[in-house]
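Nothing in this text is a laboratory measurement; each read-out follows from the coordinates by a stated rule. Nothing here was measured: the structure is a model prediction, and the numbers come from that model. Cβ placement follows ideal geometry from the backbone for every residue including glycine, while neighbour counts extend to all protein chains displayed.
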Amino acid sequence: MTARFETPGSEAEGITDLEEAREKITQLETALQSRIIIEQAKGMLAERLGIDVDAAFGILRHAARSHRLKLHEVAARVVNERVTPAPVVVAIARESRMRGAMMRERAEAQRERMEKLLQQVSEQIRIATERRGQH
């Protein structure tokens with residue numbers, strides 16, 4: 001016969017610890033499943049749109065935030081629906097407009113730099129021509 005030494009409440013503490021461990025496992029499993037769906041949705045959007053997965057994630061995130069949905073809910077719709085869900089289509093359109101505006105700004109800045117460079121070159125040519133006329 002083996003003697004058991006237990007402090008009062010130790011069995012209850014063990015049960016509480018076990019319940020907490022089970023709850024933690026459930027949370028981790030849910031998080032893992034959510035992450036898997038998000039990764040699948042990123043891949044599907046990247047393939048559909050011909051973009052990289054980081055851009056696809058940005059679109060998913062924007063769609064979720066702008067429609068006050070959870071990211072994994074939007075991702076699940078991308079994975080489970082044959083047609084790209086409306087929140088994602090809206091996010092794609094906004095992304096395209098933003099990209100267009102950014103490209104216009106970049107082109108304008110480049111045009112300004114080219115004009116300034118042309119002015120500098122013209123001035124240098126004028127100075128060089130004047131110097132030749134003096135000699």
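A few points about this structure:
- Its residue count N sets the reference 2.2 N^0.38 Å, and the alpha-carbon radius of gyration of the stretch 16-100 equals 1.29 times that reference.
- Restricting the stretch 52-135 to trypsin sites (Lys or Arg not before Pro) that sit in a DSSP loop and have at most 15 other Cβ atoms within 10 Å of their own Cβ leaves ARG68, LYS70, ARG82.
- Comparing LEU32, LEU69, LEU18 in a Gaussian network model of the chain, where Cα atoms under 10 Å apart are tied by springs, the biggest mean-square fluctuation is seen for LEU18.
- Degrees, to the nearest 10: 86-134 long Cα axis against longest axis of the chain: 30 degrees
- Charge dipole magnitude, Cβ of K and R +1, D and E -1 - the stretch 16-100, Cα centre, debye nearest 20: 600 debye
- All lysines inside 24 Å of LYS42 as judged from Cα atoms, apart from same-chain residues fewer than 8 positions distant: LYS70
- Cβ-based charge dipole, the stretch 41-135, positive-most Cα from ALA75, VAL121, GLY133: ALA75
- Stretchable slack from ILE127 to ALA107, in nm (0.36 nm times residue separation minus alpha-carbon distance): 4.2 nm
- Approximating the spin labels as points 7 Å out from Cα along Cα→Cβ, the LYS116-to-ARG99 distance works out to 2.9 nm.
- Within the chain, helix-based [θ] at 222 nm, where runs of 4 or more DSSP H residues each add -39,500 (n - 2.57), nearest 500: -30000 deg cm²/dmol
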